[in-house]
There are 2 protein chains.
Amino acid sequence: MVDNNFRRELGQQLRVDSVRAAWHAGSGHPTSSMSAADLMAVLLDGHLRLDYDNPHAPHNDHLIFSKGHASPLYYSMLKAAGAIDDAEFATYRQFGSRLEGHPTPRIPPTDVATGSLGQGLPVGVGIALAGKRLDRLPYRVWVLCGDSEMAEGSMWEAFEHAAHYGLDNLTAIVDVNRLGQTTETMLGWDVETYAARARAFGWHAITLDGHDVDAIDAAYAAAESTTDRPTVLFAKTKKGKGVKAVEDLPGKHGKPLDDPEAAIAELGGVRDLSVSVAKPDTSPSVHEFSVDGGSLPVWETGDHVATRLAYGQALAALGSMRGDVVALDGEVSNSTHSEEFAHAHPDRYLEMYIAEQQMIAAAVGVQARGWVPFASTFAAFFSRAYDFIRMAAISSADLRLSGSHAGVSIGADGPSQMALEDMASLRAVHGSAVLHPSDANQTAKLVGEMASRKGITYLRTLRGKTLVRTTPDEDVHIGGSRTVRSSSDDRVTLVGCGVTVDEADKAAELLAAEGIQARVIDCYSVKPIDASVLTTAAGDTHALVVAEDHWPEGGLGDAVLEALAGFEEPVVVRKLAVRDMPTSGTPEELLRAAGIDAEGIAAAAREMLASRRAAVG
Amino acid sequence: MVDNNFRRELGQQLRVDSVRAAWHAGSGHPTSSMSAADLMAVLLDGHLRLDYDNPHAPHNDHLIFSKGHASPLYYSMLKAAGAIDDAEFATYRQFGSRLEGHPTPRIPPTDVATGSLGQGLPVGVGIALAGKRLDRLPYRVWVLCGDSEMAEGSMWEAFEHAAHYGLDNLTAIVDVNRLGQTTETMLGWDVETYAARARAFGWHAITLDGHDVDAIDAAYAAAESTTDRPTVLFAKTKKGKGVKAVEDLPGKHGKPLDDPEAAIAELGGVRDLSVSVAKPDTSPSVHEFSVDGGSLPVWETGDHVATRLAYGQALAALGSMRGDVVALDGEVSNSTHSEEFAHAHPDRYLEMYIAEQQMIAAAVGVQARGWVPFASTFAAFFSRAYDFIRMAAISSADLRLSGSHAGVSIGADGPSQMALEDMASLRAVHGSAVLHPSDANQTAKLVGEMASRKGITYLRTLRGKTLVRTTPDEDVHIGGSRTVRSSSDDRVTLVGCGVTVDEADKAAELLAAEGIQARVIDCYSVKPIDASVLTTAAGDTHALVVAEDHWPEGGLGDAVLEALAGFEEPVVVRKLAVRDMPTSGTPEELLRAAGIDAEGIAAAAREMLASRRAAVG
């Protein structure tokens, strides 16, 4: 049955096509492709079960190129499998092509974008978790990894979690070609040390010659028959294998071969083999979770509730209303209150421990299979996974993130725990929304909206309790705002979100006592921001004070300025934000020290109006 | 000589004081302190060599609390060592106190802020590297780690790098108390599996009972006598050790004890032991690198040079001018051009492989010892280390970061390699500067300025070549700008940085041909931005087009809006930025698709002026 000669020939074809792809594009990574060609030839012909005609079918195996720069090899496989034709193959790296420099989901069946090293395996853990715990289908996840990326800590987060969750449906294939971009890797060809590490992390580890098709076939078979633990192959290979001018030589990374025609001849010339990739068994049914129904929680106005608690309770309710909602947390579920979901829906809760990169990657993986993940940790600690969130946007992933303990208002724990850059960094993610509700009813309604939103949606919650101001029947939506107070006599507008809404409203009281009417706007949707309400306020008052529990850059203040960038009348905006490094203290002390408490806001408004009176003379 | 009874009593005192600290503060992590008290008692009394009267002396050992939440234990040690008095100890977590919720350098001899888990050990690797490779002093680095943080991949980056560099001056002490914040860790008390992992990563690993002072003493002695590799202790301990109401019980994380008085009595009451910590041998001299002198490179105007190459050449020259400059890179030194430094000054170049978190942590570590690190990788990949950069700001670290391959102008590699959020995320770092020069002469001068700047300074460089417009004698400085063209007839201002400066200048040519004079400003300093030049331009033209190769949020456009927020005349700003997810393509195709090429900039200017004419009627 098994035709080793065909597999060897297929490997050579993948090499030749990798050389051709980079040659015609004028850039790319042919040598990093050539090292893994035999590994992928045997996978395609005999082990992968993937219906390329139905690339998103639930029963399909998944293949992730964690070493995304080996895209010439990946696209050569698609061509061999008949998923793309010769004409499309020739468009590699051209403007408008689906075949980008690094794979993205624009070309099916690609699940996720890769190209930032160390992310494919953690995402593979997420898909494998979905297979085991959510879909409950027997598909397998195969991840081609580079040896250079084994230096990324995220790979070891993946190793630990995959073993902890017994993901025997996951196989990592490490292409140990020894050479990185500029130098030899720390371990070179020492595959036994790699294997010892993997075994210590609980994996079934196999070392082999990555150019021996028999050994590769046996290793895949061993992976398929291993239960209770994932398997990793550490395959000793040669970068640029098969072409003497580049094989196992330094300085040959990431560029077309100097003499591609000679290389192709040395590899035996262009071939036109096609491989009939096995299709998966589609008889098992996809698991669905039963739900009880119900509705999102509401709170009485006048109550004091922490928005993080509202998040947890709303998420738990959402889980009862929808069977596709999944929650993940970074071992702080009693702080973020995702524990509310965990208790209500334990089968759909994934504990990711103190490993935020793996948490985001797992969320990306489960959404690739159609689930609706909500991932939570302290808002500050999403910074740990920022590259994963950036890449998730390139993957067109639909993620919901909830970050608790935002800003100086957390108090005594100090600045390491205070998110003060989260709105800036997450606004600057393509297609994102950034939400920062000021009360529990807003929070619950936004959680409901998040579940259906495409792209990356971030909800910032507060540690302390805030007054419920929003009535249960008010309209709250992504892109909206809430006008807390307004009158026809307003001379200044105070804009806040989260904890500064209360402070702005108190500031308005202080100003009113002095005869100054102030409008107060709660921009619970920071991105997209309610430009219409802000523009109207600018036209009415020509003076805005924006207060946020965040650094001055990139948060609410900048969002307000952007909304008014095209406003043609004179308007002055004063941004109040945290400008000095905070310390420990009470929330009140810290809000005051930052000048974003009611007094600080009122003082800024008075100054603006006094300066205007002075200017007017 | 060794008095084990004293050490046990000292351990009990550290526990009692930890309980007292959290009790009086009303918050904190006493149980996480109590588990490690014996480990720290033996370290203080017999192994640590640290002159607390001269906390920044170069010969001192370093002690890092990677589990920063055990700050009650840390401050209890400072009290026992005489570094703080009882009165200051009582200020724990209060506003204005040096004793914050998590340790920061505000309280000497603390090298770095901790509290985001998984960072202390990687920083310890940096200090240990400084000891071996730069200072060449025999100090030791001791890092107290939690077991929960062993799930962070960054810990395994540290394990790998420490072994690779043979850091036998580094000892990690892992407090395996089994219990995380909400649940048991993945490995619980399985210290043998931890040890197997560490050994596979090349460390000398010891397992022990973390409450046995003899065993602890022997383990430290073994660490001190181990050469060629670092040592790690996996100490089995009990969280809340010594107080039955909390010992080894879940649900006791991160809060004061319910009955602290009873707990203190159970621990034997308050003690007032003081420990005479050994002082280091100050006879070895600190290594200094000899330098050749020279000056920063200059280029002829009219040349075409990539700013990344100018960075590398300027850095190499700087290394010849100053002996304290050190370079680190994430295995892309031939892309960032830090290889220019590596070739010129190999003794001061630290290869950090594909491990960006460890790279930033190592830079933080070497600057803690007074060195001047420049760390480089692709601009996009600083996102991988964003939490480390955030924490570095809390550490008051002086870091210089250089990110190459910014924006869509890199071309065919695709969006995974394109930094489009770097200016936003790095502007939102406390005390940072963000620089994005448009030509080689600007770059070299800014590199020179960076070396002396406090805080975190980020330089964004380009893959492709740009025209050298800045003459060698022009003033270039952080906070400055360059007016590329201006006249008294300017009707619109075009603002760019990096690659968009050329495009803005070409746009001005297009507009001039239509009789529209445009001012062109090169904001090579994005933070701080040259508000004075922008305000003047706003007053002169009342219309600005800002073009940047970056997402619309948080970058140059927002910086310009912030500079004009207080400007009281009407001014309209149009932000041009990358709004759709880019793909592969040529730089020209991608700049055009994003609307940030000369045509896009000119079109925006025409639209603004037409709209103004329409408004004026």
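Odds and ends about this structure:
Let's see how each residue does on (1) out of contact with any Lys or Arg (no Cβ under 8 Å at 6 or more places or on another chain); (2) not in a loop (DSSP other than H, G, I, E, B):
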{"site": "B:Ala70", "(1), (2)": "yes, yes"}
{"site": "B:Gly82", "(1), (2)": "yes, no"}
{"site": "B:Glu88", "(1), (2)": "no, yes"}
{"site": "B:Pro103", "(1), (2)": "yes, no"}
{"site": "B:Arg106", "(1), (2)": "no, no"}
{"site": "B:Gly131", "(1), (2)": "no, yes"}
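- Of all residues in the stretch B:564-605, those satisfying the criterion of being among the small types (Gly, Ala, Ser), crowded, with 18+ Cβ neighbours inside 10 Å and more than 8 Å from every other protein chain (Cβ to nearest Cβ) are B:Ala577, B:Ala594, B:Ala598, B:Gly600, B:Ala602, B:Ala604, B:Ala605.
- For the residues B:Val2, B:Val16, the requirement of being over 25 Å from the mean Cα position of the chain (by Cα) and not assigned by TED's automatic domain parsing to the domain that holds B:Asp217 singles out B:Val2.
- Selection status of A:Met608, closer than 18 Å to A:Leu420 by Cβ and either surrounded by fewer than 24 Cβ atoms within 10 Å (Cβ to Cβ) or among the basic types (Lys, Arg) (or both): no
- Across the stretch B:23-60, the number of residues qualifying as within 29 Å of the chain's Cα centre (by Cα) and on the phi < 0 side of the Ramachandran plot comes to 23.
- When residues of the stretch A:153-209 are limited to those that are closer than 30 Å to B:Asp387 by Cβ and aromatic (Phe, Trp, Tyr), the one farthest from the other protein chains (Cβ to nearest Cβ): A:Trp203
- Test: B:Arg199 is assigned to a loop (DSSP other than H, G, I, E, B) and touching a strand residue (DSSP E or B) at 6+ places or on another chain (Cβ under 6 Å): no
- When restricted to residues that are free of Cβ contacts under 8 Å to residues at least 40 places away in the same chain and either part of a helix (DSSP H, G or I) or within 14 Å of chain B (Cβ to nearest Cβ) (or both), the stretch A:222-248 contains 2.
- Qualifying residue in the stretch B:532-551 (condition: surrounded by fewer than 21 Cβ atoms within 10 Å (Cβ to Cβ), without any contact (Cβ under 8 Å) to a residue 24 or more places away in the chain, over 21 Å from B:Leu510 (Cβ atoms) and out of contact with any Ser or Thr (no Cβ under 6 Å at 6 or more places or on another chain)): yes
- Count of residues meeting criterion [within 14 Å of another protein chain (Cβ to nearest Cβ) and either without any contact (Cβ under 8 Å) to a residue 12 or more places away in the chain or part of a loop (DSSP other than H, G, I, E, B) (or both)] in the stretch A:1-45: 4
- Entirely in the stretch A:285-397, the strands (runs of 3 or more DSSP E) that have 1 or more residues that are of a type in the set (D, E, K, R) and surrounded by 24 or more Cβ atoms within 10 Å (Cβ to Cβ): A:325-329
- Cβ-Cβ under 8 Å pairs, at least 6 apart or on other chains, the stretch B:363-384 side within 14 Å of another protein chain (Cβ to nearest Cβ), far side among the basic types (Lys, Arg) and crowded, with 24+ Cβ neighbours inside 10 Å: B:Ala379/B:Arg460; B:Ala380/A:Arg390; B:Ser383/A:Arg390
- Residue in the stretch A:35-51 that is under 24 Å from A:Gly101 (Cβ atoms), of a type in the set (Ser, Thr, Tyr) and in contact with a helix residue (DSSP H, G or I) (Cβ under 8 Å, 6 or more places away or on another chain) present: no
- Subset of the stretch B:453-512 (residues that are of a type in the set (Gly, Ala, Ser), in contact with a strand residue (DSSP E or B) (Cβ under 9 Å, 6 or more places away or on another chain) and more than 30 Å from B:Ser396 (Cβ to Cβ)): B:Gly464, B:Ser486, B:Ser487, B:Gly496, B:Ala504, B:Ala507, B:Ala508, B:Ala512
- Subset tally (residues that are touching a residue at least 40 places away in the same chain (Cβ under 8 Å) and either among the small types (Gly, Ala, Ser) or part of a loop (DSSP other than H, G, I, E, B) (or both)) for the stretch B:202-220: 5
- Verdict on A:Gly431 being in the same structural domain as A:Thr461 (by TED's automatic domain parsing), surrounded by fewer than 24 Cβ atoms within 10 Å (Cβ to Cβ) and either hydrophobic (A, V, I, L, M, F, W, C) or touching a strand residue (DSSP E or B) at 6+ places or on another chain (Cβ under 9 Å) (or both): yes
- Scanning the stretch B:324-362 for residues that are away from chain A (no Cβ under 11 Å) and β-branched (Val, Ile, Thr) turns up B:Val325, B:Val326, B:Ile360.
Listed here are the residues, each with its yes/no results for (1) closer than 23 Å to B:Ala563 by Cβ; (2) hydroxyl-bearing (Ser, Thr, Tyr); (3) within 12 Å of chain B (Cβ to nearest Cβ).
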residue	(1), (2), (3)
A:Val495	yes, no, no
A:Val499	no, no, no
A:Leu510	no, no, no
A:Val520	no, no, no
A:Cys523	yes, no, no
A:Ile529	yes, no, yes
A:His542	yes, no, yes
A:Glu548	yes, no, yes
A:Trp551	yes, no, yes
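- If you go through the stretch A:383-403 and keep only what is touching a strand residue (DSSP E or B) at 6+ places or on another chain (Cβ under 6 Å) and either under 22 Å from A:Ser335 (Cβ atoms) or in the same structural domain as A:Ile107 (by TED's automatic domain parsing) (or both), you end up with A:Leu399, A:Arg400, A:Leu401, A:Ser402, A:Gly403.
- Qualifying residue in the stretch B:162-183 (condition: within 20 Å of the chain's Cα centre (by Cα), buried (at least 24 other Cβ atoms within 10 Å of the Cβ) and not in a loop (DSSP other than H, G, I, E, B)): yes
- B:Ser116 vs. criteria small (Gly, Ala, Ser), out of contact with any Leu (no Cβ under 7 Å at 6 or more places or on another chain) and assigned by TED's automatic domain parsing to the domain that holds B:Arg197: yes
- Of all residues making up the stretch B:256-280, the number that are within 35 Å of the chain's Cα centre (by Cα) and surrounded by 15 or more Cβ atoms within 10 Å (Cβ to Cβ): 7
- Tallying residues that are buried (at least 23 other Cβ atoms within 10 Å of the Cβ) and within 14 Å of chain B (Cβ to nearest Cβ) within the stretch A:72-100 yields 7.
- Of all the numbered requirements in (1) touching a helix residue (DSSP H, G or I) at 6+ places or on another chain (Cβ under 8 Å); (2) without any contact (Cβ under 8 Å) to a residue 12 or more places away in the chain; (3) under 29 Å from A:Ala433 (Cα atoms), B:Gly566 misses one, and that requirement is (1).
- For the residues A:Asp489, A:Asp505, the requirement of being within 19 Å of A:Asp439 (Cβ to Cβ) and either surrounded by fewer than 24 Cβ atoms within 10 Å (Cβ to Cβ) or modelled with pLDDT of 95 or more (or both) singles out A:Asp505.
The values are calculated or read from the model by the stated rules, or taken from the named source; none is laboratory data. What you see is a predicted model, and the numbers here were worked out from it, not measured in a lab. As a convention, Cβ positions derive from the backbone with ideal geometry for all residues, glycine included, and neighbour counts pool all protein chains shown.
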